[in-house]
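The next block holds one structure in the form of structure tokens; read it before the comments.
The values are calculated or read from the model by the stated rules, or taken from the named source; none is laboratory data. The structure presented is a predicted model; accordingly, all values stated were derived computationally and were not measured. Here the Cβ is made from the backbone with ideal geometry for all residues, glycine too, and neighbour counts use every protein chain on show. Just the protein is used for accessible areas: all its heavy atoms, side chains included, with ligands, DNA and RNA removed. Shrake-Rupley method; radii C 1.70, N 1.55, O 1.52, S 1.80 Å.
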Amino acid sequence: EETLDLTTWAFTGAANWDTTNNWLELTDTSRYVVGTAFQTTEEVWSDNVSIRFMFFASGGSSSGADGLSLTAIDTTRMTTYQGAVGGAIGYGGLPGWSVEIDTWDNTGDPGLSEPTRADHVSFVIDGASNGLGEIYADIHEVEDGQWHEMQVDMVGTHLTVSIDSIVYIDQEVAGVTTFPAHVGFTAATGNVTNYHLIDALQVEEFICD
């Protein structure tokens, strides 16, 4: 989207459309906030979609937190567009699937056991943000004050995730199901913070004869 029709999006928490810069702000650098934004008038199939966007996760505390997610929320089971705050990155508990960019080490936090201390990307089903997800991979530095491009392709049960043209996940994922989804983004801060911004969203479905 080059411009956003605000009537077709649902914003919760700290999320808003920045009319000065024409991008989506999920969180500013306030502590313990969550922000989500979902496109609500069009559905895609959860296992037949390609999504590309730019994200910015910087500008807060010296070691920023907590991260952001791309989420395909199951419209047949959802009751809200907003998940849990902090280490749950705003998608915790939401039905569907999420691809998170986690920029904070939660390995020692009760209820938020993680497989790595490093910043990482993880694929999570049904908002199960309290563990390693179905697949994860450590990523390069993205809290560098720069915009980064991310692409997520879900075709059947095969997931491909790349950041800045580096492929981090390219494999089959058990447990992926078919459901109609609204595409959106979530982010959260805790005691440590970052701006979490989104721009240049493209969503495509694959068409077969």
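For region 173-206, how many residues are in a strand (DSSP E or B), more than 20 Å from Val44 (Cα to Cα) and not hydroxyl-bearing (Ser, Thr, Tyr)? Write out each step before concluding.
We begin by selecting, within region 173-206, every residue in a strand (DSSP E or B); these are 180-188, 195-205.
Next, only the ones that are more than 20 Å from Val44 (Cα to Cα) stay: 187-188, 195-197.
If we keep only those that are not hydroxyl-bearing (Ser, Thr, Tyr) too, we end up with 187-188, 196-197.
Count: 4.
Report the residue count in region 70-107 for those that are out of contact with any strand residue (DSSP E or B) (no Cβ under 9 Å at 6 or more places or on another chain) and either among the acidic types (Asp, Glu) or over 24 Å from Gly59 (Cα atoms) (or both). Spell out the reasoning first.
Of region 70-107, the ones out of contact with any strand residue (DSSP E or B) (no Cβ under 9 Å at 6 or more places or on another chain) are 79, 105-107.
Add one more test, that the residue is either among the acidic types (Asp, Glu) or over 24 Å from Gly59 (Cα atoms) (or both), and what stays is 79, 105.
So the count comes out to 2.
Being out of contact with any Cys (no Cβ under 7 Å at 6 or more places or on another chain), open to solvent by 30 Å² or more (accessible area, probe 1.4 Å) and touching a residue at least 24 places away in the same chain (Cβ under 8 Å) is true for just one of Ala181, Ala174, Ala188. Which residue is that? Working first, answer last.
Working: Ala181 fails: open to solvent by 30 Å² or more (accessible area, probe 1.4 Å); Ala188 fails: open to solvent by 30 Å² or more (accessible area, probe 1.4 Å).
Among Ala181, Ala174, Ala188, only Ala174 is out of contact with any Cys (no Cβ under 7 Å at 6 or more places or on another chain), open to solvent by 30 Å² or more (accessible area, probe 1.4 Å) and touching a residue at least 24 places away in the same chain (Cβ under 8 Å).
Would you check if there is a residue in region 133-148 being surrounded by 14 or more Cβ atoms within 10 Å (Cβ to Cβ), β-branched (Val, Ile, Thr), under 15 Å from the mean Cα position of the chain (by Cα) and farther than 21 Å from Asp199 by Cα?
Scanning region 133-148, I find at least one residue that is surrounded by 14 or more Cβ atoms within 10 Å (Cβ to Cβ), β-branched (Val, Ile, Thr), under 15 Å from the mean Cα position of the chain (by Cα) and farther than 21 Å from Asp199 by Cα, so the answer is yes.
Sort out which residues of region 12-28 are open to solvent by less than 60 Å² (accessible area, probe 1.4 Å) and assigned to a loop (DSSP other than H, G, I, E, B), and write them in order of number.
Ala14, Ala15, Asp28, listed by residue number.
Of the residues Gly90, Gly108, Gly59, Gly83, only one is closer than 21 Å to Val203 by Cβ, open to solvent by 10 Å² or more (accessible area, probe 1.4 Å) and at pLDDT below 95; which?
Details: Gly90 fails: open to solvent by 10 Å² or more (accessible area, probe 1.4 Å); Gly108 fails: closer than 21 Å to Val203 by Cβ; Gly59 fails: closer than 21 Å to Val203 by Cβ.
On inspection, the qualifying residue turns out to be Gly83.
Do we have Thr41 as in a loop (DSSP other than H, G, I, E, B), without any contact (Cβ under 8 Å) to a residue 40 or more places away in the chain and surrounded by fewer than 21 Cβ atoms within 10 Å (Cβ to Cβ) here? Full working, then the answer.
Values: in a loop (DSSP other than H, G, I, E, B): yes; without any contact (Cβ under 8 Å) to a residue 40 or more places away in the chain: yes; surrounded by fewer than 21 Cβ atoms within 10 Å (Cβ to Cβ): yes.
Spelling it out, Thr41 is indeed in a loop (DSSP other than H, G, I, E, B), without any contact (Cβ under 8 Å) to a residue 40 or more places away in the chain and surrounded by fewer than 21 Cβ atoms within 10 Å (Cβ to Cβ).
Considering Trp23, Trp17, Trp9, which residue is touching a Phe, Trp or Tyr at 6+ places or on another chain (Cβ under 7 Å) and modelled with pLDDT of 90 or more? Break it down into steps so the answer makes sense when it comes.
On the way: Trp23 fails: touching a Phe, Trp or Tyr at 6+ places or on another chain (Cβ under 7 Å); Trp17 fails: touching a Phe, Trp or Tyr at 6+ places or on another chain (Cβ under 7 Å).
Of Trp23, Trp17, Trp9, the one residue that is touching a Phe, Trp or Tyr at 6+ places or on another chain (Cβ under 7 Å) and modelled with pLDDT of 90 or more is Trp9.
Considering region 126-171 alone, what residues qualify as being more than 23 Å from Gly87 (Cα to Cα), without any contact (Cβ under 8 Å) to a residue 60 or more places away in the chain and in a loop (DSSP other than H, G, I, E, B)?
Asp164, Ser165
Can you tell me which of Arg31, Arg52 is closer than 27 Å to Glu205 by Cβ, open to solvent by 50 Å² or more (accessible area, probe 1.4 Å) and not β-branched (Val, Ile, Thr)? Show your work before the answer.
Numbers: Arg31 fails: closer than 27 Å to Glu205 by Cβ.
The match here is Arg52.
Cβ-Cβ under 6 Å, sequence separation 6+ or interchain: first residue in region 46-65 and more than 14 Å from Val155 (Cα to Cα), partner part of a strand (DSSP E or B) and among the acidic types (Asp, Glu). Which pairs?
Here the result reads Met54/Glu149; Met54/Asp199, each pair linking region 46-65 to a residue that is part of a strand (DSSP E or B) and among the acidic types (Asp, Glu).
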